[in-house]
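K.L.:
Encoded as structure tokens, here's the structure I'll be asking about.
All of the numbers you see were taken from the coordinates with simple rules; none came from a lab. Note that the structure is a prediction, hence the values are computed from the model and not measured. As a convention, Cβ positions derive from the backbone with ideal geometry for all residues, glycine included, and neighbour counts pool all protein chains shown.
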Amino acid sequence: MKSIDRWKVGFGGLNKTELLGLLSDNKICLNAYSAQLFMDDEFVTTASNKIAEVVGISVKELGFNSGARYHDIVAASSSQGLTLCPLEMAPQLRVQYLNQEEGPYLTVASTKIRNDDNYPNGFYLRSYSGFIWLRGYRSSSDWVWNPSDRFVFIESYA
């Protein structure tokens with residue numbers, strides 16, 4: 001079993017244009033879904049700087065040996081004292097975690113900004129073929145995530 005990853009993540013204090021500039025400066029690639037999220041007025045940023053202790057935890061480590069739906073994953077994480085991340089945390093986590101290994105990705109657990117299965121749910125971080133990505137993703141409410149899929153949740157605020 002992989003150990004739970006932990007990071008301190010600074011976020012807030014930047015608007016979306018500044019976040020996009022930060023991603024560009026760090027040569028981070030975006031897909032169409034991540035661009036769509038950035039363009040949405042419901043994706044808001046906060047003016048104040050915050051620091052959070054976050055964890056990367058697998059679906060299996062949350063107690064689901066056969067996988068689980070997102071709402072069950074969120075409920076299990078909540079019972080362990082973990083909370084969802086604000087959407088704006090994902091770009092800043094991506095910039096602060098540039099040394100991600102190739103292969104597995106990290107889905108930043110957050111609230112959907114639109115209740116539409118055809119609209120991106122949120123972001124995930126991936127390093128693939130020498131490129132570092134902040135990707136948006138879509139999944140329906142009945143999608144079953146694999147036991148090995150990893151999510152980032154807030155453990156506490158520093």
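K.L.:
Which stretch or stretches of the stretch 85-113 have amide N atoms under 19 Å from the point lying 7 Å from Asp25's Cα along the Cα→Cβ direction?
P.N.:
88-99
K.L.:
In debye, nearest 20, what is the charge dipole magnitude of the stretch 5-157 about its Cα centre with +1 on Lys and Arg Cβ and -1 on Asp and Glu Cβ, if you could check?
P.N.:
Charge dipole, the stretch 5-157, about its Cα centre: 160 debye, nearest 20.
K.L.:
Between beta-carbons, use under 14 Å as the cut-off and find the net charge around Asn99, counting Lys and Arg +1, Asp and Glu -1.
P.N.:
0
K.L.:
Next question. Using Cβ contacts closer than 10 Å as the measure, can you line up Met39, Met89 from fewest to most?
P.N.:
Fewest-to-most Cβ neighbours within 10 Å comes out as Met39, Met89.
K.L.:
Something else now. Hey, if you put +1 on the Cβ of every Lys and Arg and -1 on every Asp and Glu Cβ in the chain, which of Ala47, Ser129, Ala109 ends up farthest toward the positive end of that dipole?
P.N.:
Positive-end residue among those listed: Ser129.
K.L.:
I'm spelling it out carefully: the read-out is Rg and Dmax of the Cα atoms in Å, the candidates are [x] 14.7, 41; [y] 26.4, 105; [z] 24.0, 80, and one was derived from this structure. Which label?
P.N.:
[x]
K.L.:
I want to check the label-to-label distance for Thr46 and Trp143. Put each point 7 Å from Cα in the C-beta direction and report it in nm to one decimal.
P.N.:
Taking the two extended label points, one gets 2.6 nm.
K.L.:
Name the long-range amide H neighbours of Asn15: under 5 Å, sequence gap of 5 or more, or other chain; modelled H, no Pro or chain starts.
P.N.:
none
K.L.:
Calculate for the chain the 222 nm mean residue ellipticity that helices alone would give, adding -39,500 (n - 2.57) per DSSP H run of length 4 or more and normalising by residue count, nearest 500 deg cm²/dmol.
P.N.:
Value at 222 nm, helices only: -6500 deg cm²/dmol.
K.L.:
Lysines near Lys50 by alpha-carbon distance under 27 Å, same-chain residues fewer than 8 away left out - which ones?
P.N.:
Qualifying lysines at Cα under 27 Å: Lys8, Lys16, Lys27, Lys112.
K.L.:
For the stretch 68-158, which GluC sites (Glu not before Pro) are both in a DSSP coil and crowded by at most 12 other Cβ atoms within 10 Å?
P.N.:
Of the GluC sites (Glu not before Pro), the ones in loops of the stretch 68-158 whose Cβ has at most 12 other Cβ atoms within 10 Å are Glu101, Glu102.
K.L.:
Suppose we flag trypsin sites (Lys or Arg not before Pro) only when DSSP calls them loop and at most 14 other Cβ atoms lie within 10 Å. Which is the longest uninterrupted stretch of the chain?
P.N.:
Value returned for the longest uninterrupted segment is 28-113.
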